[in-house]
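S.K.: Mind looking over this structure? Questions follow.
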Amino acid sequence: METTTVEEMAAAFKEMGTPFVVGHPGGESVELMEAMRAQGMRFILMKQEVAGAMLASTWGEITGNPGVCLSTRGPGATNMVNGIAHAFLDRAPLIAITDRYSAPEQEIGLRQRLDQQAIMQPLVKWSTAIEASVVRQQLRRAIRICTAYAPGPVHFDLPQSETKKISGLAKNLPNLLPNYHYPIPDPRGLESAVAVLKAAEKPVLLIGLGVLWDKASFSTIALAEHLGAPVLTTSKCKGAIPEDHPLRAGCIIGGLIERDLVSKADLIITIGLDAVELQPKGWPYSTKVLSLANIPSLDGLVPSVEEVVGNLNHITTVICTLIPEGSGWGINAAKKFRERVHKALETPSLGLSPQRAVECARQVLPRDTIATCDAGASRLLVVQKWESYGPREFLTSNGLGSMGFAIPGALAARLAHPNRPVIAFTGDGGLLMAVADIQTAVIEKLPIIILVFDDGEIGLIRTKQTIKGIDPYGVHLGGINWEYLARGLGANGTTVDNEATLSSALEHALKSNETTVIGVKIDPSGYVDQFNALREL
């Protein structure tokens, strides 16, 4: 049966487990969208291309199936760049599609003509112009590249001339989806790593994104319990160990406070750690490091004495059978660390503090709630105060650290988990970068709770100005009526300024199962002391 290029693309996207495409279409996209409709797929119209790419990449993070986003040529493509950069630095499988003129127009035209492949090149693992005769190979290559470790985005430039051409009937093609099998390691190949582990009395575990790629959370927890070792996670891995587990210490953020815990250890075991998750500075610890990783470390950042590369689920499971139980120092060490962080964040407040707002949300919302978090001053507090209890239940832009993530990230979470509550933590500045997609949540029937930390300013920059002895300048926002804004976009909205009204608003949002914006008037006066206590700036 003959099929067109766009029919091949739509069928492949559906087969790979992504039943929708998001974005803002152009004239050359309409044939692809029609092919998707024929496949029973969903198209979600986003108000900004960058939000579409963030939504699609977050779907990829959660499910492991590449998200798909599209834009028109020229301004649509350039506007989508930040979302593609998020997928690149936050290790999310994504297929980004841009319209393009047909070859003759591309050669002679100037209006809206950009070298879109050159623009995307630094931000993607592969970029190609779709060609009908080889589109089936292009689709297979794209899926393999974007899901291979470390996951990331690929780019399709789609010329108008190729959309309705009959696709090439290539023979002897591999399956669309790769079918990988990882052998269980031979214990003899782990002898050096086991010797390092046996020599340690006080190991500490530092777990990163690779644990999620290999679905190795349970085996990693089992290793921590066997060793009795405290566990630090990167912020992307919150929930990889349930955050009410007695061995869970907290999140490593590159600050001074975690160095007290790590300095007491005689071995750091990094599991799936990706250097993009760390602060851009030299490795601060002199403690011996054992690295368990699913891909070789090429960045030269972490000075490990041994590096074991393979499937992390298999490696951690086998290691548990080869070493004796540990000293059990981790429960007390983790407890003391959590207490230190709690004390550091308990700064005086003249009103509702941001940290208390997060605690209220955690008390009200069900255990299985998915949380997304924007960049900004409040992110540090959300990372430390919000508890997640399963992998991929906390989603944030960390590698890129982009504002405007929380709302599209929350929409992706709702698509992946339609029966679970989703809350987006964002500052007023971050919300305004993605405000139009509150309407998308309403129209697409993807109810989310949006908790806005309203301090009337770009709080992180104001905090840095204060720490550097600079008067606040160029950071003022303020004056936003959250109830009117939300209702104007079809959502519910309210403003609160104390714990009782916040708890009531959250309970009402849960019961209504409708998109709700809760503007929380907070006292940001503790930010400077909190940042000084937790993090080097």
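Computed from the coordinates by the stated procedures, all read-outs in this text should not be read as laboratory data. None of these values were measured; they are calculated from a predicted model. Every residue, glycine among them, receives a Cβ derived from its backbone with ideal geometry; neighbour counts consider all protein chains shown.
S.K.: Ranked from highest to lowest mean number of other Cβ atoms within 10 Å per residue, what is the order of the peptides 441-451, 124-134?
M.R.: Numbers: 441-451: 21.7, 124-134: 18.5.
Order by mean packing, descending: 441-451, 124-134.
S.K.: Just going by the charge dipole of the stretch 346-534, with Lys and Arg at +1 and Asp and Glu at -1 on Cβ, which of L446, G456, A434 is farthest out on the positive end?
M.R.: L446
S.K.: So for M433, M1, M33, fewest C-beta neighbours within 10 Å to most, what's the order?
M.R.: So the residues, fewest neighbours to most, are M1, M33, M433.
S.K.: Can you list the residues, at least 5 places off or on another chain, whose amide H is less than 5 Å from the amide H of N294, using H built in the peptide plane?
M.R.: Long-range HN contacts for N294: G272, G310.
S.K.: Hey, another quick one. According to the square roots a ≥ b ≥ c of the eigenvalues of the Cα gyration tensor, what is the shape class of the chain, taking rounded for a/c under 1.5, prolate for a/b larger than b/c otherwise, and oblate for the remainder?
M.R.: Details: a/c = 1.93, a/b = 1.18, b/c = 1.63.
Since a/c reaches 1.5 but b/c is at least a/b, the shape of the chain is classed as oblate.
S.K.: Just to be sure I understand the model, the point goes 7 Å from the Cα along the line to the Cβ. What's the resulting K14 to N481 distance in nm?
M.R.: 4.7
S.K.: If the label point is 7 Å along Cα→Cβ of E307, which residues in the stretch 281-299 have backbone nitrogen under 14 Å from it?
M.R.: Answer for this model: 289-299.
S.K.: Additional query: Tell me the net charge near H476. Cut-off is 10 Å between Cβ atoms, H476 excluded, with +1 for each Lys or Arg and -1 for each Asp or Glu.
M.R.: On the way: positive: R462; negative: E457.
Local charge sum for H476: 0.
S.K.: Using θ = phi - 60° and the Karplus form 6.51 cos²θ - 1.76 cosθ + 1.60, what ³J(HN,Hα) does each residue of the stretch 371-377 get, whole Hz, x for Gly and Pro?
M.R.: 10, 10, 9, 7, 6, x, 4
S.K.: Using 17 Å as the cut-off for backbone N distance, which residues of the stretch 159-174 belong to the label zone defined by a point 7 Å from the Cα of R144 along Cα→Cβ?
M.R.: 170-174
S.K.: In the neighborhood of Y180, defined by Cβ-to-Cβ distances under 15 Å, what is the net charge if each Lys or Arg adds +1 and each Asp or Glu adds -1?
M.R.: Details: positive: R140, R144, K215; negative: D214.
Local charge sum for Y180: +2.
S.K.: Distance check, please: which entries in K264/K335; K281/K336; K264/K336; K14/K164 exceed 24 angstrom between their Cα atoms? Walk me through the numbers on the way to the answer.
M.R.: Working: K264/K335 14 Å; K281/K336 26 Å; K264/K336 12 Å; K14/K164 19 Å.
Where the Cα-Cα span goes over 24 Å, the pairs concerned are K281/K336.
S.K.: Provide the percentage of antiparallel DSSP beta bridges, counting only those with both residues in the chain; round to the nearest 5. Can you show the working numbers first?
M.R.: Details: 2 of 67 bridges.
Looking only at bridges with both residues in the chain, the antiparallel portion is about 5 percent.
S.K.: Could you tell me whether the stretch 1-113 comes out rounded, prolate or oblate from its Cα gyration tensor? Rule is a ≥ b ≥ c as square roots of the eigenvalues, rounded for a/c under 1.5, then prolate if a/b exceeds b/c, otherwise oblate.
M.R.: Working: a/c = 1.97, a/b = 1.13, b/c = 1.74.
Verdict is oblate for the stretch 1-113.
S.K.: Now a separate question. Starting with the highest mean, order 400-409, 84-93, 485-494 by the number of other Cβ atoms within 10 Å, averaged over the residues of each peptide.
M.R.: Working: 400-409: 26.1, 84-93: 27.6, 485-494: 18.0.
Going by the mean number of other Cβ atoms within 10 Å, highest first, we get 84-93, 400-409, 485-494.
S.K.: Between D299 and E507, what is 0.36 nm times their sequence separation minus the Cα-Cα distance? Round to one decimal in nm. Please report the intermediate quantities before stating the final value.
M.R.: Details: separation 208, 0.36 × 208 = 74.88 nm, distance 4.63 nm.
Length gained between D299 and E507: 70.3 nm.
S.K.: Explain nothing, just compute: Karplus ³J(HN,Hα) = 6.51 cos²θ - 1.76 cosθ + 1.60, θ = phi - 60°, for every residue of the stretch 289-305 in order, whole Hz, x for Gly and Pro.
M.R.: Once rounded to whole Hz, the list reads 10, 10, 9, 10, 9, 8, 9, x, 7, 10, 8, x, 8, 8, x, 7, 7.
S.K.: I want to check the label-to-label distance for D368 and D244. Put each point 7 Å from Cα in the C-beta direction and report it in nm to one decimal.
M.R.: 1.5
S.K.: Another question about this same structure. What is the packing order of peptides 53-64, 507-518, taking the mean over residues of other C-beta atoms within 10 Å and listing the highest first? Before the final figure, lay out the partial values.
M.R.: Numbers: 53-64: 28.2, 507-518: 18.7.
Top to bottom by mean Cβ count within 10 Å: 53-64, 507-518.
S.K.: Below 11 angstrom from the Cβ of T287, what's the summed charge of the other residues (Lys, Arg +1; Asp, Glu -1)? The partial results should precede the final answer.
M.R.: Values: positive: K202, R259, K264, K288; negative: D266.
Taking every Cβ under 11 Å from that of T287, the sum is +3.
S.K.: OK, next. How much length would be gained if the chain were fully extended between I166 and V30, taking 0.36 nm per residue of separation minus their Cα-Cα distance, in nm to one decimal?
M.R.: On the way: separation 136, 0.36 × 136 = 48.96 nm, distance 1.69 nm.
Computed gain between I166 and V30 is 47.3 nm.
S.K.: Just check the stretch 189-272 against the gyration tensor rule for me: Cα atoms, a ≥ b ≥ c as the square roots of the eigenvalues, rounded for a/c under 1.5, and otherwise prolate or oblate depending on whether a/b exceeds b/c.
M.R.: Values: a/c = 1.62, a/b = 1.13, b/c = 1.43.
In terms of gyration-tensor shape, oblate.
S.K.: Further, regarding this structure: Pulled fully out, how much extra length does the chain show between I184 and K198, if you take 0.36 nm times their separation in residues and subtract their Cα-Cα distance?
M.R.: Numbers: separation 14, 0.36 × 14 = 5.04 nm, distance 2.12 nm.
Net length gain for the segment: 2.9 nm.
S.K.: Test of understanding: ordering C373, C146 by Cβ neighbours within 10 Å, fewest first, what list do you get? Working shown, then result.
M.R.: Values: C373 31, C146 26.
Arranged by neighbour count, lowest to highest, C373, C146 become C146, C373.
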